[in-house]
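Structure first, commentary second.
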Amino acid sequence: MALARSGLSRAVATEARRPSYADVFAALPIAILVLDADGRIAHANPACELLLNQSETAMVGQRYDAVLLPPDDYAERKDGHGFAAFDVDVMTVRGVRVRVDFLEAPIGEHAGWRILALHHAAQSRRMTHGADRSAGARAAIGAAAMLGHEIKNPLSGIRGAAQLLQGGEEDAGLTALITAEVDRIATLIDRMQDFTDTRPLAIRPTNIYPLLDHSRRVALAGFARDIPIEERFDPSLPSILVDPDALLQILLNLLKNAAEALTGTGEPRITIATAYRHGMSVSSGAGRPRQPLPIEVLVMDNGPGAPDDIIDHLFEPFVSSKPEGKGLGLPLVDKLVRDMGGVVQYSRERDPEVTVFRLLLPRAA
């Protein structure tokens with residue numbers, strides 16, 4: 001009898017600790033939409049809010065196709081049956097293209113009700129929160145750091161020897177070419193070593209506005225001298241939790257990327273915008289609480305955007321659409337943002353057509 005009472009007590013205690021279905025739904029790392037029998041949105045979890053850049057409050061009550069344009073063959077599905085399309089492009093009605101695994105399933109005995117799961121295929125490949133990906137990244141970073149160190153030593157010797165060999169006018173041209181190429185390779189290695197730096201960042205509460213102002217002034221004094229930079233700021237943003245130097249480097253990289261993308265564009269324009277996004281959060285790993293990321297910083301330009309064939313690889317090293325591009329700027333941005341617990345996203349929006357790099361960052365307590 002005592003044993004039975006003990007078992008009952010454990011069962012009651014377990015039940016008391018068990019999370020509610022609402023907690024489970026909110027913690028799911030995959031974007032979920034719940035649709036009622038009329039095809040209207042009844043619920044959207046935080047991962048869905050992040051993916052579609054809309055709050056659940058704004059989506060509830062709308063038909064799903066007022067928020068998201070599904071794959072072309074979705075209309076041919078049979079009612080009451082599931083539907084699956086893998087690694088497909090879907091568009092939000094705001095003109096943002098996302099690549100997802102698009103899955104639909106009916107909800108038991110609730111006729112017409114169904115769940116849409118949108119697994120962000122491109123982002124899941126790149127966000128590197130998984131242990132296997134992190135281990136591989138650390139190994140690659142270590143190898144690249146060692147290679148960079150070993151290459152720079154002989155480069156210094158080659159440069160010194162070239163300067164010693166300089167004699168007549170003909171020699172001067174050749175030695176100048178050698179030293180210029182050595183300097184170019186050394187600069188590339190310096191950028192690689194920025195990417196491979198594994199030292200922890202000095203993260204602290206920071207006022208974002210002086211950093212935004214400083215990055216804008218640096219851009220206007222140099223690489224974006226002839227390009228208007230518009231500011232659309234939420235003046236009430238709280239302090240953010242970042243490394244100020246790292247965030248400044250991120251902003252300058254994104255502004256330089258925008259300026260280069262505007263080459264040949266009539267009436268070029270760059271916009272920096274900020275906003276506070278209630279409810280935005282991301283999964284920080286299995287068994288860990290979701291990380292709130294309410295601070296949004298946008299760097300936008302009215303250039304042509306990235307080519308379709310590299311969009312899903314923009315944040316991978318050595319991927320670039322520029323003839324002289326090294327493909328290290330955006331991977332460095334991605335690394336620094338992740339090191340601060342944030343997320344960087346690329347999208348192409350319509351009305352007007354602009355390229356958007358979105359930073360989602362933690363706020364200070």
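Taking the residues in the stretch 328-365 that are modelled with pLDDT under 85 and over 16 Å from the mean Cα position of the chain (by Cα) as candidates, determine which candidate is surrounded by the most Cβ atoms within 10 Å (Cβ to Cβ).
Arg350
Can you tell which of Val98, Val34 is in contact with a His (Cβ under 7 Å, 6 or more places away or on another chain), surrounded by 15 or more Cβ atoms within 10 Å (Cβ to Cβ) and over 30 Å from Glu353 (Cβ atoms)?
Exactly one residue qualifies, and that residue is Val34.
Ala221 is checked against (1) among the aliphatic types (A, V, I, L, M); (2) at pLDDT below 90; (3) under 20 Å from Ala364 (Cβ atoms) and fails just one. What number does that condition carry?
Checking Ala221 against (1) among the aliphatic types (A, V, I, L, M); (2) at pLDDT below 90; (3) under 20 Å from Ala364 (Cβ atoms), the one that fails is (3).
Looking at this structure, is Gly95 at pLDDT below 80 and under 30 Å from Ala275 (Cβ atoms)?
yes
Can you tell me which condition Thr206 does not meet? The list is (1) modelled with pLDDT of 90 or more; (2) under 25 Å from Val354 (Cα atoms); (3) more than 19 Å from the chain's Cα centre (by Cα), and all the others hold.
It is condition (2) that Thr206 fails.
For the subset of the stretch 231-249 comprising residues that are in a loop (DSSP other than H, G, I, E, B) and either at pLDDT 95 or above or acidic (Asp, Glu) (or both), which member is nearest to Tyr209 (Cα to Cα)?
In this case the residue turns out to be Asp234.
Looking for something touching a Gly at 6+ places or on another chain (Cβ under 8 Å) and part of a helix (DSSP H, G or I) - is there at least one such residue anywhere in the stretch 101-109?
No - not one qualifying residue is present in the stretch 101-109.
Condition check: of a type in the set (A, V, I, L, M, F, W, C) and modelled with pLDDT under 80. Does Ala37 satisfy that?
no
The values are calculated or read from the model by the stated rules, or taken from the named source; none is laboratory data. This is a predicted model, so every value here is computed, not measured. All Cβ positions, even for glycine, are placed from backbone atoms using ideal geometry, and neighbour counts span all protein chains on display.
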